[in-house]
1. Could you check the spin-label model distance between residue 392 and residue 121? Points 7 Å from the Cα along Cα→Cβ, value in nm.
2. Return a whole-number percent for the relative contact order of the chain, with Cα pairs under 8 Å and 6 or more residues apart as the contact set.
3. Please get the size of the charge dipole for the chain, origin at its Cα centre, with Cβ charges of +1 on Lys and Arg and -1 on Asp and Glu, quoted in debye to the nearest 20.
4. Taking other Cβ within 10 Å of each residue's Cβ, how do 169, 423, 325 sort, fewest first?
5. Excluding residue 86 itself, calculate the net charge of residues whose Cβ lies under 14 Å from the Cβ of residue 86, where each Lys or Arg counts +1 and each Asp or Glu counts -1.
6. Summing -39500 (n - 2.57) over the DSSP H runs of n ≥ 4 in the chain and dividing by its residue number, what mean residue ellipticity at 222 nm do you reach, to the nearest 500 deg cm²/dmol?
7. Enumerate the calculated ³J(HN,Hα) couplings along region 409-415 in order (Karplus 6.51 cos²θ - 1.76 cosθ + 1.60, θ = phi - 60°), each rounded to whole Hz, writing x wherever the residue is Gly or Pro.
8. Going highest first, how would you order 356-366, 131-141 by mean Cβ packing within 10 Å?
Amino acid sequence: MPSRALPQRRVAVIGGGWAGISAAVHASQLGQAVTLFEMAPQLGGRARSLYDNTAVSSDLGGAPLDNGQHILIGAYRHCLELLATIGVDHSEVLLRLPLRLRYPRHEGLSLPPGRPLPSFVRGILAYQAWPLAARARLLATAAGWLLQRFQCAAELTVDQLCADLPAIVRQELIAPLCIAAMNTASGQASARVFLRVLQDSLFGGSGSSDLLLPRVPLSCLLADPAQTWLQDQGSVLRLGQRLQSLEQQGNQWLADGEPFDAVILACTSAEAARLCNNNAPDWAFKARALRFEPIITVYLESPGSVLPAPMLALQEGAQAPAQFVFDLGQLGHAPGRFAFVISGAAPWVARGLAETGLATLQQAEREINWHSPPKILKVLAEKRATFACTPDLQRPAARISPGLFAAGDYVAGPYPATLEGAVRSGRTAAITAATGHW
Ligand SMILES: Cc1cc2nc3c(=O)[nH]c(=O)nc-3n(C[C@H](O)[C@H](O)[C@H](O)COP(=O)(O)OP(=O)(O)OC[C@H]3O[C@@H](n4cnc5c(N)ncnc54)[C@H](O)[C@@H]3O)c2cc1C
């Protein structure tokens with residue numbers, strides 16, 4: 001962050017997801033007069049709790065459900081810094097676990113604690129469920145990626161990148177990792193972005209591959225404390241206000257008629273495209289061209305049941321939608337409540353939520369030993385959960401026009417649609433808007 005005193009400018013942030021929160025917090029830290037517009041009654045965007053949904057909590061207590069289970073990893077440096085800035089102790093609100101893929105009835109791959117590179121090598125060598133030749137091939141391939149500094153041709157898919165790996169490694173490691181990290185199937189996902197995720201998570205420094213699981217409802221993790229922090233700093237929060245219009249007038253921008261020196265569009269790409277269509281049609285065209293992938297979360301309840309770990313991997317298949325299950329009772333929520341996550345869920349959205357819920361329930365009954373029969377609590381679909389992270393994707397730039405900036409997980413950057421990508425882009429937009437550099 002620039003440390004010298006900057007002239008105070010009036011900065012409007014449009015959208016209060018993690019990118020908008022990050023932009024508002026950083027702009028405020030830089031001494032800017034911040035006004036944040038958020039169309040929903042609460043901050044948080046796609047990573048929020050459903051406070052109005054406690055009616056579904058049955059007899060298990062009233063803790064709110066989240067709009068979808070989220071995982072952070074140790075490499076999410078900007079997210080952790082943002083939490084620290086607003087006074088949230090991440091060791092209290094996030095459960096840190098070494099990367100370990102456990103299935104309900106068997107162990108999967110795990111990385112022992114320690115320095116990333118030796119830990120990766122030891123973890124792979126020790127995983128005897130794969131033939132030695134398969135392990136050796138994976139290590140040789142990973143060494144090649146390392147030597148090439150995790151770079152590859154932009155047009156490659158993950159399947160093409162990994163074509164020489166043994167089928168067992170592609171099926172049991174690459175495909176699930178790709179869908180979990182990028183919410184895009186390995187046949188369509190960008191190899192370049194996948195390598196960047198691997199570089200930062202597996203080789204990014206001590207603890208970078210650790211899983212960080214929220215143990216408070218998502219809104220308590222960032223949105224609610226950020227709201228308090230911003231208000232304490234004197235920022236103006238316009239909750240429940242959807243920005244209708246944005247016009248340029250001289251050096252200023254009029255947001256619904258109110259003048260600002262700089263505007264950060266941290267709303268969804270579709271809304272950002274609508275708002276700047278007249279001023280920046282080329283940018284708006286790129287933002288509109290993005291395609292999206294859904295995620296479905298099926299919440300089940302089963303009083304008295306406890307999983308062997310807070311998070312388990314599941315074997316997905318034609319009749320088994322979910323790739324992961326989270327025991328929310330071990331994550332600070334009501335005991336006996338479980339979140340089943342279906343990433344890359346387009347085929348299941350097409351089959352309908354009722355069928356998906358039932359298929360997940362049957363998968364759960366087959367794969368897990370329950371203390372009491374599980375029941376469906378809620379099936380939630382986020383149809384535009386993340387942009388489809390495909391090769392050669394043209395992501396819209398952070399700079400739209402002088403004084404007008406974009407922040408969001410979809411904005412040009414090295415990561416797929418993640419909390420870290422959103423927070424990082426919000427920080428960059430705030431610094432650029434505050435310094436006025438173009
Ligand atoms: C179910 C699900 C699971 C996920 N799991 C993970 C995970 O495990 N790990 C991970 O890193 N990421 C995960 N993600 C992705 C992550 O949630 C997103 O990358 C991140 O939340 C995007 O934040 P954002 O601020 O860019 O966008 P958003 O959260 O979409 O924020 C945009 C905000 O703008 C507001 N807005 C829109 N138009 C206007 C307007 N005109 N005026 C005012 N406000 C407006 C919206 O209401 C919204 O609050 C998941 C996403 C989903 C949906």
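Every number here is computed from the coordinates shown, using simple stated rules; none is lab data. Bear in mind that the values here come from a model prediction, so they are computed numbers and not experimental data. All Cβ positions, glycine included, derive from the backbone under ideal geometry; neighbour counts span all protein chains shown.
1. 3.8
2. On the way: 947 pairs, mean separation 109.4, N = 438.
Answer for the chain is 25 percent.
3. Charge dipole, the chain, about its Cα centre: 720 debye, nearest 20.
4. 169, 325, 423
5. -4
6. Values: 14 runs with 139 residues, N = 438.
Counting only the DSSP helices, I get -9500 deg cm²/dmol.
7. 5, 8, 5, 3, x, x, 9
8. Numbers: 356-366: 19.0, 131-141: 15.0.
Ranking the peptides 356-366, 131-141 by packing returns 356-366, 131-141.
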